[in-house]
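Data first, discussion second: the structure below is written as structure tokens.
The values are calculated or read from the model by the stated rules, or taken from the named source; none is laboratory data. Predicted model, so just to flag it, every value in this text is computed and none were measured. In this analysis, Cβ positions are derived from the backbone assuming ideal geometry, glycine residues included, and neighbour counts consider all displayed protein chains. These accessible areas exclude ligands, DNA and RNA; they are computed on the full protein's heavy atoms, side chains included. Shrake-Rupley method; radii C 1.70, N 1.55, O 1.52, S 1.80 Å.
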Amino acid sequence: MFTAAELTDIQNLLTPDKKIVIITHYNPDGDAIGSSLGLQHFLKNKGLESDVIVPNDFPKFLKWMPGAKQVIIADYKRKVAGEAIHNADIIFILDFNASHRSGNLVGPWIEKARATKILVDHHQQPEDFDFVYSDVKVPATCQMVYHFIQGLEEENLVDQNVAECLYTGIMTDTGGFRFRSTSATTHRIVANLIENGADPAMITSKTWDTNTVSRLHLLALILGRIEVVKDGKVAILWLKREELKEYGFQKGDTEGFVNYGLSIMGTQVSAFFMEDLYEDFIKISFRSKDDVDVNQFSRKYFNGGGHINAAGGKYFKTIEETIEDFKEKITDEEF
């Protein structure tokens, strides 16, 4: 958490005359959107206006959240987003640990911005900003935003809008409260969010009960050819670009696919490989159980990183070569 002195300094910075921008990572997920919108609603309840900027578009199943329609998508509104970041007095950097994680467009804008930069994130090895709240043991940035609100002693400003957004991010980043990092503190915060208006049934339905026909076709495809290697410890799933096009892929359709590999009895690691729809690289998602560290594995071999049990990467070979390289790398690992 921020120190008491840092919290005082941040509180003093948060005045109505300041231009505030909140930024997420590239390909924003439920925790990124939830923490950003949750923080925005909290600031509004303090009498402060802010803009939420995302580098690129986010899945439709997150667009029900209050304030989602006002999010500035930099890919679509470059001038608006660029000017907002350039003119900002304060920039909140949420759910990512380094400027380049916000993409080739927004990342350089953050680096050049003269604003005071405040990072709130739970990924390993954060960059140094003006204020840094980094805790890899917390399962979701949304939980960290709630801790920030607690630190300011302003939990009374958590209304239904704040509660719904923060609940969504915690729910999605904990896999429905299943992941090991989900703590008693997490559940206490969730209880507070429910008391302040978050409806678990409604949020779950709007966020997860949103299958498209294209998603179900793609899911059937990868489940029909899932491969288990290394004596049943590692599951491999993959999709090619032509398959995405054939079934009418929409953004967010493959969300959670990697988790199916971990549902197989005996598996310790699941790896999902997908050709990017437009560029020549392979997007990789890793998930693991117990003490198997896919964060270090991804950093070491696949230009990525994340958390111990959840990480991502990027590889610049064909999907066949990528999978073969992956199989070779795991022979040297203890999982």
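This table checks each residue for (1) among the small types (Gly, Ala, Ser); (2) under 20 Å from Asp276 (Cβ atoms); (3) more than 18 Å from the chain's Cα centre (by Cα); (4) open to solvent by 50 Å² or more (accessible area, probe 1.4 Å).
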position	(1), (2), (3), (4)
Thr172	no, no, no, no
Ile189	no, no, yes, no
Glu195	no, no, yes, yes
Trp208	no, no, no, yes
Gly252	yes, yes, no, no
Legend entry - Checklist (1) closer than 25 Å to Lys314 by Cα; (2) open to solvent by less than 10 Å² (accessible area, probe 1.4 Å) applied to Pro108, failing item: (2)
Inset, instruction - Test Ala32 against the criterion of being at pLDDT 95 or above, at negative phi and either out of contact with any Asp or Glu (no Cβ under 7 Å at 6 or more places or on another chain) or surrounded by fewer than 24 Cβ atoms within 10 Å (Cβ to Cβ) (or both), and give yes or no. - result: no
Inset, instruction - Report whether or not Asp51 is part of a loop (DSSP other than H, G, I, E, B), at pLDDT 95 or above, in the same structural domain as Ile170 (by the TED database) and acidic (Asp, Glu). - result: no
Inset, instruction - Enumerate the pairs (first residue in the range 79-94 and free of Cβ contacts under 8 Å to residues at least 40 places away in the same chain; second residue anywhere and outside any strand (DSSP E or B) and open to solvent by 70 Å² or more (accessible area, probe 1.4 Å)) with beta-carbon separation below 8 Å, excluding pairs fewer than 6 apart on the same chain, so at least 6 apart or on different chains. - result: His86/Lys112
Inset, instruction - Take Phe42 and decide whether it is modelled with pLDDT under 95 and either under 28 Å from Thr207 (Cα atoms) or not charged (D, E, K, R) (or both). - result: no
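Take the residues in the range 127-149 that are polar (S, T, N, Q) and within 18 Å of Arg101 (Cβ to Cβ), then tell me which one is surrounded by the most Cβ atoms within 10 Å (Cβ to Cβ). Spell out how you get there, then give the answer.
Let us first name the residues in the range 127-149 that are polar (S, T, N, Q), namely 134, 141, 143.
Those still in the list that are within 18 Å of Arg101 (Cβ to Cβ) too: 134, 141.
Values: Ser134: 18, Thr141: 31.
Only one residue fits best here, namely Thr141.
Provide a single number: the residues in the range 210-239 that are part of a helix (DSSP H, G or I), open to solvent by 30 Å² or more (accessible area, probe 1.4 Å) and in contact (Cβ under 8 Å) with a residue 24 or more places away in the chain. Reasoning before the result, please.
Our first condition is that a residue be part of a helix (DSSP H, G or I); within the range 210-239, this holds for 213-223.
Remaining after also requiring open to solvent by 30 Å² or more (accessible area, probe 1.4 Å): 213, 215-217, 220-221, 223.
From what is left, the residues that are in contact (Cβ under 8 Å) with a residue 24 or more places away in the chain are 213, 215, 217, 221, 223.
Matching residues across the range 210-239 total 5.
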Inset, instruction - Determine whether Phe302 is assigned by the TED database to the domain that holds Lys240 and within 19 Å of Thr331 (Cβ to Cβ). - result: yes
Inset, instruction - Select from the range 174-184 the residues that are without any contact (Cβ under 8 Å) to a residue 40 or more places away in the chain and either in a helix (DSSP H, G or I) or within 18 Å of Ile33 (Cβ to Cβ) (or both) and write down the one among them that is most open to solvent (accessible area, probe 1.4 Å). - result: Ala184
Inset, instruction - Among the residues of the range 240-279, count how many are touching a Ser or Thr at 6+ places or on another chain (Cβ under 7 Å) and either in the same structural domain as Asp31 (by the TED database) or not in a helix (DSSP H, G or I) (or both). - result: 11
Legend entry - The listed residue being under 22 Å from the mean Cα position of the chain (by Cα) and closer than 21 Å to Pro16 by Cα, out of Phe131, Phe96: Phe131
